[in-house]
Structures are given as structure tokens and as C-alpha cells.
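**Student:** Right, I'll just put the structure down here and ask away after.
No value in this document is a laboratory result; all are computed from the given coordinates. Every value quoted in this text rests on a predicted model; they were computed, and no experiment measured them. Note that we place each Cβ from the backbone using ideal geometry, even for glycine, and neighbour counts take in every protein chain shown.
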Amino acid sequence: MNTNLKLTMNNSWHEEKEIARNTQKTAIFMMGSGGSGKSYWLKNSMFSHLPVVNPDDFLPNPSIPTEGRAIAKAAANAKMLALVLSEQSFVRDTTGTNVARMVGEFEMVREAGYMIVLIKVEASLATCLARNQRRARTIPEDVLIADHEAAENAWQALRGTADVAYSVDNNGSKK
């Protein structure tokens, strides 16, 4: 089954509820560029109780997002593997721009019996840039611009490979 839906922050609740009813272990891959509001959306979703795998949580100095990036990614990968081995549902917070990595992660969790849900949190480039300026951990503007376009291209490549895929319009959120 593959479902592709376009939702807003206000009407994504019904889809979340249907996924939450599923008793199968679930890997939720949340993608979108910096400033799109992935963390905000997750905090306000029915998935907020699940463990989150986010490389940013392992950065030694979050105010400098490029420092220690390789180690943070390795730590996040180890956490995701531990969750898979313990058969826990989880959320993977990522920009999603590395399609090959995402496909590999999908294959790993699918082989382990997980349902794969891909959620793209969308916001316009102007919104992402404005939010980025208000964040404690800013992303260099040129990186954010490149990631914004790359996230859309990755979404087009990945959405047909998940069991359920939907996008959430998060332009209206002030976060």
C-alpha cells in the first residue's frame, strides 16, 4: 500500500491517527529543509511520544552545526540501529536530501518488519530562511537554499518507496 497525501498542520491529525492505530512497528522518516518546522510539527503530532533519531542531538556544539557532524551522524545511526534491534517504533528526523542513504535505511527497516512512513514537512524557502534567522542553531544560508531544493527532489524520488507518504504544509506555523 502506498498513500500519497497533501496535508496541512491542521488536518494531518486524521492521517496520524490512522497510522497510530497500526500495531506494526513503524519507522517514521520526517524530512524537510532546515527551518521547515520538522521539530515543531513532531512536537505537535501524535508521534511526539516516540523516540527520535536526529543527528543534531549529538552535535558537540549545536550553535556550530558543521562541527562534529560526522560523529553526530554516526551516533544517530547507532541509535537507529539499537531501536530497530529492540523492535521499537521511532521517528527519524532528517533533511532527507541523501536519497541513497534514505533508500538504504528504508531497506534496513523494511527487512526488519517495519512499516515505513515518509512525512515531508514543507515550508517556502522564504519561510525557512526567516525561521533560520530566529533559531539558536542557524544553518548557513547557501546550505539552506541548496537543501531546500534537494529536499523537494528527494521527496519526488522517495515518496513512492514508502508504505505511506504524505506532506504537511507548515508555512502557517510561526515556529
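**Student:** Once you wrap a convex hull around the alpha carbon atoms of the stretch 47-156, what is its projected area averaged over all directions, in nm²?
**Tutor:** Averaged projected area of the stretch 47-156's Cα convex hull equals 7.3 nm².
**Student:** Show the residues, 5+ positions off or on another chain, whose built amide H is closer than 5 Å to the amide H of R92.
**Tutor:** Answer set, sorted by chain and number: I28, F29, M30, V53.
**Student:** Can I ask one more? Rounded to a whole number, what is D in µm²/s for the stretch 106-175 from Stokes-Einstein with the Kirkwood radius over alpha-carbon pairs (25 °C, 0.890 mPa s)?
**Tutor:** In µm²/s, the coefficient is 179.
**Student:** Check K120: other-chain or 5+ apart residues with amide H under 5 Å from its amide H, H built from backbone geometry?
**Tutor:** When sequence neighbours closer than 5 places are left aside, the close amide H contacts are M31, Y166, S167, V168.
**Student:** Report the gain in length on full extension from H49 to A78: 0.36 nm times residue separation, minus Cα-Cα distance, nm rounded to one decimal.
**Tutor:** Taking 0.36 nm per residue and subtracting the Cα distance, the gain is 8.4 nm.
**Student:** Can you compute log10 of I(q)/I(0) for the stretch 50-99 with the Debye formula, treating each Cα as one identical point scatterer, at q = 0.15, 0.27 Å⁻¹?
**Tutor:** So the normalised log intensities are -0.40, -1.04.
**Student:** Which ³J(HN,Hα) values, rounded to whole Hz and listed in residue order, are derived for the stretch 86-101 from phi using the Karplus coefficients 6.51, -1.76 and 1.60 in 6.51 cos²θ - 1.76 cosθ + 1.60 with θ = phi - 60°, glycine and proline given as x?
**Tutor:** In residue order, the calculated couplings are 8, 6, 9, 5, 7, 10, 9, 8, 8, 5, x, 7, 8, 4, 4, 5 Hz.
**Student:** In whole Å, how far is the Cα centre of the stretch 25-43 from that of the stretch 103-164?
**Tutor:** Between the Cα centres of the stretch 25-43 and the stretch 103-164 lies a distance of 8 Å.
**Student:** Counting other C-beta atoms within 10 Å, and keeping those with at most 13, which DSSP coil GluC sites (Glu not before Pro) do you find in the stretch 54-130?
**Tutor:** Counting only loop positions with at most 13 other Cβ atoms within 10 Å, the GluC sites (Glu not before Pro) in the stretch 54-130 are E67, E87.
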